[in-house]
1. Rank the residues L345, L127 as a footprinting-exposure proxy: fewest other Cβ atoms within 10 Å of their Cβ go first.
2. State, to one decimal in nm, how far the label point of C304 lies from the label point of D32, with both points 7 Å from Cα in the Cβ direction.
3. So if I place +1 on the C-beta of Lys and Arg and -1 on the C-beta of Asp and Glu, and nothing else carries charge, what would the dipole magnitude of the chain be about its Cα centre? I want it in debye, nearest 20.
4. Any idea what angle helix 308-335 forms with the longest principal axis of the chain, computed on alpha-carbon atoms, 0 to 90 degrees, nearest 10?
5. Going by amide H atoms built from the backbone, whose H comes under 5 Å of the H on F244, apart from near neighbours?
6. Quick one: angle between helix 141-152 and the longest Cα principal axis of the chain, in degrees between 0 and 90, rounded to 10, please.
7. Rounded to whole Å and ordered largest first, report the semi-axes of the equivalent ellipsoid of region 30-273 derived from its Cα gyration tensor (root of 5λ).
8. With a cut-off of at most 13 other beta carbons within 10 Å, and DSSP calling the residue loop, which trypsin sites (Lys or Arg not before Pro) in region 104-177 qualify? Please list them.
Amino acid sequence: MTDSLLGLTILFCLGYIILIGIFTAGWFRIKDFSFQEVAGRPSVSVIVAVRNEARRIGLLIGDLLKQEASFELIIVDDHSDDGTVEVVRRILEKHPGILYRLLKQPDGQTGKKAAIEAGIRASRGELVVTTDGDCRVGPLWVTALAAFYARYHHKFISGPVCYENKKGFLASLSSLEFLSLVGTGAGAIGAGMPIMCNGANLAFEKKVYMEIAATMQGREYASGDDVFLMHGIKSGYGPQSIGFVKNPAAIVVTEPPRNLPAFINQRLRWVSKSRGYADPATITTSLVIFVFHLFLLVFLVAGCFHPVFLTSFFIMLAVKLIADIPILHAVSGFMGQKRLLWYYLPVQAIYIPFVVFAGLAGNLRGYSWKGRKKRRKEA
């Protein structure tokens, strides 16, 4: 191996080790949260923006009806055409004891961001909690988030999310990759450098949202209501204003993509919003991860023509496999999904080229979501 190639390989490996090491240390830095003895609770508004969720929304509402905490439920319909509104109304009318409102987006206003904002503006709670219409939550979900806020008073709270346990290679691939994203986001928060979260499980102060809503970055993007809000609060109140609730009762479970096109389209949607990021830590993380995987792929392809590049490939691959395991092992254990680690090695054959593909395609083309196609400039 030439000296320049060896130096480049070492540089890539060091960057990756340092970055993943920071996230791993951050995950273990977050203390397990026990809410049983927390006194006082804020008033809570749970907001669910829905579009064409007739198949799953009844499951979520059933879970919300079992909550051991009081809250206001606001469901905002984003022009569903599959009977979602009728399903919601039929279920909730049978439970007059729950405080709820069903809002419909007016003509001319579309998209999840607009729906969530409408729900927030109509809410009365001190703490806003959001999830998605295809999710499932445990009976202590609201309790855990409210108690975490009551103890630490974070302006923004990120909660754990995982996919449902389903068999099959694609389900396991997407679940393991999703665990890595959730673990990275949580670890970054624990390390004092919040970079990402998931809108399926968030809580934040309404007054803070109202303060920064008009000036928040990324308003021109259809996706990214969760991350842009976190970045806005981080910028205005500092990274210490953001917390991650590490308690199994706070876990939200969502449905994995049902097929490969759905998986690819979802990831492209997530990547598309990265063009609007202004947070230095998020940009740096994205670049390090993308460049590392890009050169892994480049060295593999180049190694087919010159064996010296294969040495670099196998060194970087070994570094990746070793560096990723500690946080994946910890997060999968917390989520009760350690079985996914059996797929860790075979998944790499798909994951490495997919990171490169998603990084490029997500910034160069549009995507479709809930029957709507988004062009690159509005993604």
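1. L345, L127
2. Roughly 4.9 nm, to one decimal.
3. It works out to roughly 440 debye.
4. Here the helix axis deviates by roughly 30 degrees.
5. Correct list: S158.
6. 80
7. 24, 22, 20
8. Listed in order of number, the matching sites are R124, K166, K167.
Every number in this text was worked out from the coordinates using simple rules, so none of it is lab data. As the structure is a prediction and not an experimental result, all values here were calculated from the model. So basically every Cβ, Gly included, is an ideal-geometry build from the backbone, and we count neighbours across all protein chains shown.
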